[in-house]
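What follows is a short report on a single structure.
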Protein chains: 2
Amino acid sequence: MALVHYPVVNKNGKIIASAVTNLDLHDISRAAKTYGVRAFYVVTPLADQKELVKKIVAHWLKGTGGTYNPKRKEALKLIVIKNTLAEVIDDIRENIGDAPKTIVTSANQNTRTVSFKRFREMLQDGNSYLLILGTGWGLSESFIAEADYVLNPVSGNSGYNHLSVRSAAAVMLDRLLGKND
Amino acid sequence: MALVHYPVVNKNGKIIASAVTNLDLHDISRAAKTYGVRAFYVVTPLADQKELVKKIVAHWLKGTGGTYNPKRKEALKLIVIKNTLAEVIDDIRENIGDAPKTIVTSANQNTRTVSFKRFREMLQDGNSYLLILGTGWGLSESFIAEADYVLNPVSGNSGYNHLSVRSAAAVMLDRLLGKND
């Protein structure tokens with residue numbers, strides 16, 4: 001999976017590069033590890049933000065964090081930092097020999113939308129898939145337009161639908177890969 | 001639901017009062033609102049921690065936060081601060097006329113364990129239920145022993161099972177109340 005910090009939109013719909021949030025890295029890597037995801041790409045073109053991610057990961061992999069909490073180390077090991085989605089896809093191609101199909105999340109329904117049940121079946125079809133999550137107020141429209149598929153938004157049972165990206169990531173992985181027993 | 005900061009255990013199994021985490025309040029109240037939970041109790045006996053929760057909530061309900069992000073306000077409105085679980089149960093009794101049945105989460109299986117599917121059915125039986133989550137390394141054994149039910153731990157599809165309480169809360173609510181379409 002990939003967590004994208006650019007190009008995303010802000011509250012007013014303007015395209016921005018969002019700041020990296022420490023707990024996104026922790027919570028999403030722990031969920032990724034729990035559900036057997038192969039890699040967790042953190043995508044940002046900003047040098048200072050890449051430096052921040054490196055520092056956080058190094059603390060838990062090589063620093064005192066790893067000794068204090070070895071389980072956290074296992075999760076944060078999944079993090080790979082990249083400038084762009086193109087670089088993520090190149091990296092996956094180098095590792096598995098083929099480009100993955102991409103699936104993004106969006107609050108708007110469109111013709112390429114697939115349900116969670118359908119995508120859960122697709123994950124068993126032998127192809128590789130890259131699940132892409134946006135930060136801020138979501139991925140930009142043009143970015144969404146370039147993806148192979150769009151996943152249904154996570155809906156609860158109320159009109160309110162404003163989960164954090166950390167919560168949404170966990171719910172998605174559970175629907176797609178969890179056992180629910 | 002209730003998020004308990006005392007009595008919980010630390011890394012070494014010792015009973016402690018854990019510190020409140022800002023993003024627990026945000027993420028869990030947003031998930032609670034998304035899935036139609038009636039109240040989100042934050043339980044801590046520590047005066048400074050209660051003051052911290054009050055400040056955070058006031059910022060989003062009455063301060064600049066509410067103007068900046070009205071959706072966040074709707075979620076944080078669900079927060080009720082209490083000293084102990086007994087006070088939570090009193091508050092529910094005052095509001096709905098009856099004490100709720102309590103259900104806790106634990107990593108250990110025991111005779112009162114119910115599956116997510118079973119608890120999802122129970123939620124339709126006309127009773128009120130209070131789902132209790134622990135912080136730190138989890139709720140104390142004696143606290144767990146006093147609950148009416150114990151919910152199965154959330155398991156992924158790997159041996160690794162270390163979700164944050166924020167992620168676990170979102171997955172639980174989705175399994176119990178979500179639509180998965």
Item to check | Residue tally, condition away from chain A (no Cβ under 14 Å), surrounded by fewer than 20 Cβ atoms within 10 Å (Cβ to Cβ) and in a helix (DSSP H, G or I), over region B:54-65 | outcome: 6
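Listed here are the residues, each with its yes/no results for (1) at the interface with another protein chain (Cβ under 10 Å from one of its Cβ atoms); (2) free of Cβ contacts under 8 Å to residues at least 60 places away in the same chain; (3) out of contact with any Gly (no Cβ under 8 Å at 6 or more places or on another chain).
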{"position": "A:105", "(1), (2), (3)": "no, no, no"}
{"position": "A:127", "(1), (2), (3)": "no, yes, yes"}
{"position": "A:132", "(1), (2), (3)": "no, no, yes"}
{"position": "A:170", "(1), (2), (3)": "yes, no, yes"}
{"position": "A:180", "(1), (2), (3)": "yes, yes, yes"}
Next on the checklist: Just checking: which of the helices (runs of 4 or more DSSP H) contained wholly in region B:80-181 hold 2 or more residues that are within 23 Å of residue A:161 (Cα to Cα) and within 18 Å of the chain's Cα centre (by Cα)?
Outcome noted: B:116-122, B:165-177
Next on the checklist: For the structure I just gave you, tell me whether residue A:116 is in contact (Cβ under 8 Å) with a residue 60 or more places away in the chain and within 14 Å of chain B (Cβ to nearest Cβ).
Outcome noted: yes
Checklist outcome for this item: Residue hits (region A:11-52; over 24 Å from residue B:70 (Cα atoms), of a type in the set (Gly, Ala, Ser) and either out of contact with any Gly (no Cβ under 9 Å at 6 or more places or on another chain) or assigned to a helix (DSSP H, G or I) (or both)) are A:29, A:31, A:32, A:39, A:47
Checklist entry - In region B:108-138, what count of residues is obtained for those that are under 24 Å from residue B:45 (Cβ atoms) and not hydroxyl-bearing (Ser, Thr, Tyr)? => result 8
Next on the checklist: Can you tell me which of (1) exposed (fewer than 15 other Cβ atoms within 10 Å of the Cβ); (2) away from every other protein chain (no Cβ under 14 Å); (3) in contact (Cβ under 8 Å) with a residue 12 or more places away in the chain; (4) polar (S, T, N, Q) is the one residue A:111 doesn't meet?
Outcome noted: (3)
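Any read-out appearing in this document is the output of simple, stated calculations on the displayed coordinates, not a laboratory observation. Treat the numbers as computed from the prediction; the structure is a model and nothing was measured. Heads up, the Cβs are rebuilt from the backbone with ideal geometry, glycines too, and the neighbour counts pull from every protein chain shown.
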